[in-house]
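**Student:** Questions regarding the structure given below will be posed in turn.
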Amino acid sequence: MSWFKRAKPSILTEQKRDMPEGLWWKCDNCGATLHRKQMEENLFTCPECNHHFRISAQKYFEILFDGADFTEFDQQLRSADPLNFVDTKKYSERLTATIKKSGMTDACRNAVGVIGGNQSVISAMDFGFIGGSMGSVVGEKIARAMDKGLALKAPVIVISQSGGARMQEAALSLMQMAKTSARLTRLHDAGIPYISLLTDPTTGGVTASFAMLGDFNIAEPQALIGFAGPRVIKETIRKELPQGFQRAEFVQEHGFIDLIVHRKELKSKLEQLLNLLKG
């Protein structure tokens, strides 16, 4: 899945049409035409309006770990199809196609490295794999990341980017809420820091479990954070919703998250918090 929406050809000059494909992009929020080099320098945020594009787990690892140096673990885990689920296509076929297209084995990746001199474990979800939905493998990988933190006595950071529980695994996906929350109790009892980073979107069962249980809950600007979506809530209560409802700023104002941090400042803020928690 691309991180950007391509600029319409009508806004490009004849010279730009001759340039290699993928150099120019259009901001989804303000419509600015952006060069890929600008985006990379700004860590895939718009220099005009600060819109944060969705990025992969790989990019978060490269941004956050010192020297972009990390070791991934538990890559071999893959989802099964215990329910033989079929919607518009077989779940097993959907998994095979998504693995081939994305190059990932599921919607979560685990890695260990150093952040500001602190050995740390990061478990990062990726919207590019079936909407970052939480199935059995995602829950297991997050649980294993917490186990790794316990074994190394290292802080754990979970980066949420998900549409919620994976419907193709039904109750098995909902069980991951309890499993990951129980693992967090072990971290807490051992005095090991846990930081939750909520990115766009963080919804459903992910929000209702580990995403909101951090020692610090941090969000990227304008990230969509909630349980049910705005449309469902509006239809249920039959009232107009406040402006900015379920965006990070609204959620912080109502006391559910601690900090909103621009991606360019995220690494330095995490270093500050890890040093504080270590002290």
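The values are calculated or read from the model by the stated rules, or taken from the named source; none is laboratory data. Quantities reported herein were computed from a predicted structural model and do not represent experimental measurements. So basically every Cβ, Gly included, is an ideal-geometry build from the backbone, and we count neighbours across all protein chains shown.
**Student:** If only one of Gly131, Gly164 is in the same structural domain as Lys269 (by TED's automatic domain parsing), small (Gly, Ala, Ser) and within 13 Å of Phe210 (Cα to Cα), which one is it?
**Tutor:** Going through Gly131, Gly164 in turn, just one is in the same structural domain as Lys269 (by TED's automatic domain parsing), small (Gly, Ala, Ser) and within 13 Å of Phe210 (Cα to Cα): Gly164.
**Student:** Spot the failing condition for Leu224; the list is (1) closer than 26 Å to Val114 by Cα; (2) crowded, with 16+ Cβ neighbours inside 10 Å; (3) at pLDDT 95 or above; (4) not polar (S, T, N, Q), and only one is missed.
**Tutor:** Single failed check for Leu224: (1).
Residue by residue, here is whether (1) at pLDDT below 95; (2) over 13 Å from the mean Cα position of the chain (by Cα); (3) among the small types (Gly, Ala, Ser) holds:
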site: Ile115; (1), (2), (3): no, yes, no
site: Asp126; (1), (2), (3): no, no, no
site: Gly135; (1), (2), (3): no, yes, yes
site: Leu172; (1), (2), (3): no, yes, no
site: Ala178; (1), (2), (3): no, yes, yes
site: Leu187; (1), (2), (3): no, yes, no
site: Thr199; (1), (2), (3): no, no, no
site: Thr207; (1), (2), (3): no, no, no
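**Student:** Enumerate the strands (runs of 3 or more DSSP E) found wholly within segment 40-140, keeping only those where 1 or more residues are among the aromatic types (Phe, Trp, Tyr).
**Tutor:** 70-73
**Student:** Under 6 Å by Cβ, and 6 or more places apart or on different chains, what pairs join a residue from segment 64-82 that is assigned by TED's automatic domain parsing to the domain that holds Ile99 with one that is assigned to a loop (DSSP other than H, G, I, E, B)?
**Tutor:** Cβ pairs passing all conditions: Arg78/Thr105; Ser79/Asp106; Ser79/Gly135.
**Student:** Assess whether Arg186 counts as being of a type in the set (Lys, Arg) and closer than 19 Å to Gly128 by Cα.
**Tutor:** no
**Student:** Which of the residues belonging to segment 29-73 are touching an Asp or Glu at 6+ places or on another chain (Cβ under 7 Å) and on the phi < 0 side of the Ramachandran plot?
**Tutor:** Answer for segment 29-73, where residues must be touching an Asp or Glu at 6+ places or on another chain (Cβ under 7 Å) and on the phi < 0 side of the Ramachandran plot: Cys30, Ala32, His51, His52, Arg54, Ser56, Ala57.
**Student:** I'd like the full set of residues that are small (Gly, Ala, Ser), closer than 18 Å to Ala154 by Cα and in a strand (DSSP E or B), limited to segment 165-200.
**Tutor:** Scanning segment 165-200 gives a single hit, Ser196.
**Student:** Take Ala208 and decide whether it is more than 25 Å from Asn29 (Cα to Cα), surrounded by fewer than 21 Cβ atoms within 10 Å (Cβ to Cβ) and among the small types (Gly, Ala, Ser).
**Tutor:** Spelling it out, Ala208 is indeed more than 25 Å from Asn29 (Cα to Cα), surrounded by fewer than 21 Cβ atoms within 10 Å (Cβ to Cβ) and among the small types (Gly, Ala, Ser).
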